[in-house]
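S.K.: I have a structure here, written as structure tokens, and I will follow up with some questions on it.
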Amino acid sequence: MPGFEPKVFALSGAGALGQSVADALGFVLSRHEEREFEDGEHKARPLESVRGCDVYVLQRLAGVGGQPVSERLLRLLFFIGALRDAGAARVSAVVPYLAYARKDRRTKPRDPVTTRYVGQLFEAAGADRLVVMDVHNPAAFENSFRGEAVHVEARPLFVQALLAALGGQVPAIVSPDAGGYKRAERLRESVETATGERPPMVFLEKKRSSGVVSGDAVVGDVEGRTAVIVDDLIASGGTLVRAARACRGRGSPQVIACASHGPMVAAAADTLADPALDGLWVTNSVLDDAGSPHLPADRARVLDCGALIAEAIRRLNTDGSIVDLVERGPVPSVTV
């Protein structure tokens, strides 16, 4: 019930992010057991009563740390089912990075729409609410889950970090493709609110077919300004480097890339070493506690999103405004 302290569980896949969320809330994580069997099966159960409780379960849904993403998803679904069987009044799945969300529509005949399938799995397991951060397509996410769909943005974290790093200079905000224009526009609005000056807006042409990226048009002016490329995630890093090179070629003296999630593959290590990128900032939404071997250590900066997720939980539990959380902030930002 709103106003009562909820139960907060962090599955083993959540790593140190779970403790960061608990510390920001001032809570002790609720106790649970995860048991492995010799044949590869597993079980998870709460070790304290959840009957009649408002329960939040945190899990990282990315294939890092040696555990496949599908297994992490399955463990979360099983645990949600166990909570409902144990009498939890409401269960909220807190997954800062929503796995399989990039495939949210059919682009080729007989394509799967995995965002919808994942939403159906959460519904079937008994989740009442799904809390995510900077999902690939917010509209598709909201339409794929029939429970309460809560979308949080890491934008306040990046705005604070940018203003501190640039010493009051107003950068140009860059979307690496037309599809990310709205995301970049929201960041521009936040920078304008904080500085009183409206940053230039830039976006690049990008076409992808069968894994091949093409298009080289640049709309907007970055000359003489730091270019801040904003995206939702980094996988191979090719999109960001392509945008960084374009900005450099049009007179930007410094390029910083900001991405909420970093489910990076091995190929990213070489790609992101490109000298066109001066800085690469991500949150710890999916990164393993040891970080990522694919991040260039000399330019990478990891922002702890634990306080942001904790504040979202606090507001949901007390019927507060998630919109105000994103639009007005600020939320403490910690570099890990």
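S.K.: Is there a residue in the stretch 236-258 that is hydrophobic (A, V, I, L, M, F, W, C) and closer than 20 Å to VAL69 by Cβ?
M.R.: Initially, the stretch 236-258 is screened for residues hydrophobic (A, V, I, L, M, F, W, C), giving 240-241, 243-244, 246-247, 255-258.
Checking which are closer than 20 Å to VAL69 by Cβ leaves us with none.
Within the stretch 236-258, none of the residues are hydrophobic (A, V, I, L, M, F, W, C) and closer than 20 Å to VAL69 by Cβ.
S.K.: Given the criteria surrounded by 24 or more Cβ atoms within 10 Å (Cβ to Cβ) and of a type in the set (Gly, Ala, Ser), does ALA244 qualify?
M.R.: Working: surrounded by 24 or more Cβ atoms within 10 Å (Cβ to Cβ): yes; of a type in the set (Gly, Ala, Ser): yes.
When the stated conditions are applied, ALA244 passes them.
S.K.: Regarding ARG90, is this residue without any contact (Cβ under 8 Å) to a residue 40 or more places away in the chain, basic (Lys, Arg) and crowded, with 19+ Cβ neighbours inside 10 Å? Give the derivation first.
M.R.: Working: without any contact (Cβ under 8 Å) to a residue 40 or more places away in the chain: yes; basic (Lys, Arg): yes; crowded, with 19+ Cβ neighbours inside 10 Å: yes.
Taking the combined requirement at face value, the residue satisfies it.
S.K.: Please enumerate the residues belonging to the stretch 103-119 that are surrounded by fewer than 15 Cβ atoms within 10 Å (Cβ to Cβ) and part of a loop (DSSP other than H, G, I, E, B).
M.R.: Initially, the stretch 103-119 is screened for residues surrounded by fewer than 15 Cβ atoms within 10 Å (Cβ to Cβ), giving 105-112, 117.
Of everything in the stretch 103-119, those that are surrounded by fewer than 15 Cβ atoms within 10 Å (Cβ to Cβ) and part of a loop (DSSP other than H, G, I, E, B) turn out to be ARG105, ARG106, THR107, LYS108, PRO109, ARG110, ASP111, PRO112.
S.K.: Do we have any residue at all in the stretch 42-51 that's of a type outside the set (Val, Ile, Thr), within 30 Å of MET264 (Cβ to Cβ) and not in a strand (DSSP E or B)? Don't jump to the end; show me each part of the working.
M.R.: Taking the stretch 42-51 and keeping what is of a type outside the set (Val, Ile, Thr), we get 42-49, 51.
Keeping just the survivors that are within 30 Å of MET264 (Cβ to Cβ) gives 42, 44.
Those still in the list that are not in a strand (DSSP E or B) too: none.
No - not one qualifying residue is present in the stretch 42-51.
S.K.: Considering only residues that are of a type in the set (A, V, I, L, M, F, W, C) and closer than 16 Å to VAL222 by Cβ, which ones fall in the stretch 175-201? Break it down into steps so the answer makes sense when it comes.
M.R.: Pass one, the stretch 175-201, residues of a type in the set (A, V, I, L, M, F, W, C): 178, 184, 187, 191, 194, 201.
Selection gives ALA184, LEU187, VAL191, MET201.
S.K.: What's the number of the condition CYS53 fails, among (1) closer than 13 Å to SER30 by Cβ; (2) surrounded by fewer than 24 Cβ atoms within 10 Å (Cβ to Cβ); (3) within 21 Å of the chain's Cα centre (by Cα)?
M.R.: Of everything listed in (1) closer than 13 Å to SER30 by Cβ; (2) surrounded by fewer than 24 Cβ atoms within 10 Å (Cβ to Cβ); (3) within 21 Å of the chain's Cα centre (by Cα), CYS53 misses just condition (3).
S.K.: Mind listing whichever residues of the stretch 226-238 are over 17 Å from TYR97 (Cα atoms) and either out of contact with any helix residue (DSSP H, G or I) (no Cβ under 9 Å at 6 or more places or on another chain) or surrounded by fewer than 21 Cβ atoms within 10 Å (Cβ to Cβ) (or both)?
M.R.: Across the stretch 226-238, the qualifying residue is only GLY238.
S.K.: Look through LEU11, LEU29, LEU76, LEU25 and report the one residue that is surrounded by 13 or more Cβ atoms within 10 Å (Cβ to Cβ) and without any contact (Cβ under 8 Å) to a residue 24 or more places away in the chain. Lay out the reasoning, then the answer.
M.R.: Values: LEU11 fails: without any contact (Cβ under 8 Å) to a residue 24 or more places away in the chain; LEU76 fails: without any contact (Cβ under 8 Å) to a residue 24 or more places away in the chain; LEU25 fails: without any contact (Cβ under 8 Å) to a residue 24 or more places away in the chain.
From the options LEU11, LEU29, LEU76, LEU25, the qualifying one is LEU29.
S.K.: Among all residue pairs at least 6 apart or on different chains, which show Cβ distances below 6 Å where the first residue, located in the stretch 240-261, is within 13 Å of GLU223 (Cα to Cα) and the second is at pLDDT 95 or above and of a type in the set (S, T, N, Q)?
M.R.: Filtered contacts from the stretch 240-261: GLN254/THR226.
Residue-wise test of (1) modelled with pLDDT of 75 or more; (2) more than 18 Å from CYS258 (Cβ to Cβ); (3) surrounded by fewer than 23 Cβ atoms within 10 Å (Cβ to Cβ).
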{"position": "ASP274", "(1), (2), (3)": "yes, no, yes"}
{"position": "GLY279", "(1), (2), (3)": "yes, no, yes"}
{"position": "VAL282", "(1), (2), (3)": "yes, no, no"}
{"position": "VAL286", "(1), (2), (3)": "yes, no, no"}
{"position": "ASP298", "(1), (2), (3)": "yes, no, yes"}
{"position": "ASP304", "(1), (2), (3)": "yes, no, yes"}
{"position": "ARG314", "(1), (2), (3)": "yes, yes, yes"}
{"position": "ASN317", "(1), (2), (3)": "yes, yes, yes"}
{"position": "ASP324", "(1), (2), (3)": "yes, yes, yes"}
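S.K.: Any idea how many residues of the stretch 272-304 are touching a Lys or Arg at 6+ places or on another chain (Cβ under 6 Å) and touching a residue at least 60 places away in the same chain (Cβ under 8 Å)?
M.R.: Taking the stretch 272-304 as the starting set, the residues that turn out to be touching a Lys or Arg at 6+ places or on another chain (Cβ under 6 Å) are 276, 279-281, 286.
Restricting the remaining residues to those that are touching a residue at least 60 places away in the same chain (Cβ under 8 Å) gives 279, 281, 286.
Adding up the residues that qualify gives 3.
S.K.: Out of all the residues in the stretch 60-78, is one or more assigned to a strand (DSSP E or B) and in the same structural domain as HIS136 (by TED's automatic domain parsing)? Lay out the reasoning, then the answer.
M.R.: Of the stretch 60-78, the ones assigned to a strand (DSSP E or B) are none.
There is no residue in the stretch 60-78 that is assigned to a strand (DSSP E or B) and in the same structural domain as HIS136 (by TED's automatic domain parsing).
S.K.: Quick check on PRO253: is it surrounded by fewer than 16 Cβ atoms within 10 Å (Cβ to Cβ), modelled with pLDDT of 90 or more, touching a Ser or Thr at 6+ places or on another chain (Cβ under 9 Å) and not in a strand (DSSP E or B)? If you could, list the steps in order and put the result at the bottom.
M.R.: Working: surrounded by fewer than 16 Cβ atoms within 10 Å (Cβ to Cβ): yes; modelled with pLDDT of 90 or more: yes; touching a Ser or Thr at 6+ places or on another chain (Cβ under 9 Å): yes; not in a strand (DSSP E or B): yes.
So PRO253 passes the test.
S.K.: Only one of (1) of a type in the set (D, E, K, R); (2) more than 27 Å from the chain's Cα centre (by Cα); (3) outside any strand (DSSP E or B) fails for GLU5. Which number is that?
M.R.: Condition (2) is where GLU5 drops out.
S.K.: Could we say that VAL202 is under 24 Å from HIS261 (Cα atoms), surrounded by 13 or more Cβ atoms within 10 Å (Cβ to Cβ), at pLDDT 95 or above and touching a strand residue (DSSP E or B) at 6+ places or on another chain (Cβ under 7 Å) here? Please lay out each step first, then the result.
M.R.: Numbers: under 24 Å from HIS261 (Cα atoms): yes; surrounded by 13 or more Cβ atoms within 10 Å (Cβ to Cβ): yes; at pLDDT 95 or above: no; touching a strand residue (DSSP E or B) at 6+ places or on another chain (Cβ under 7 Å): yes.
For VAL202, the condition - under 24 Å from HIS261 (Cα atoms), surrounded by 13 or more Cβ atoms within 10 Å (Cβ to Cβ), at pLDDT 95 or above and touching a strand residue (DSSP E or B) at 6+ places or on another chain (Cβ under 7 Å) - is not met.
The values are calculated or read from the model by the stated rules, or taken from the named source; none is laboratory data. What you are looking at is a predicted structure, and each value in this text was computed from that prediction instead of being measured. Note that we place each Cβ from the backbone using ideal geometry, even for glycine, and neighbour counts take in every protein chain shown.
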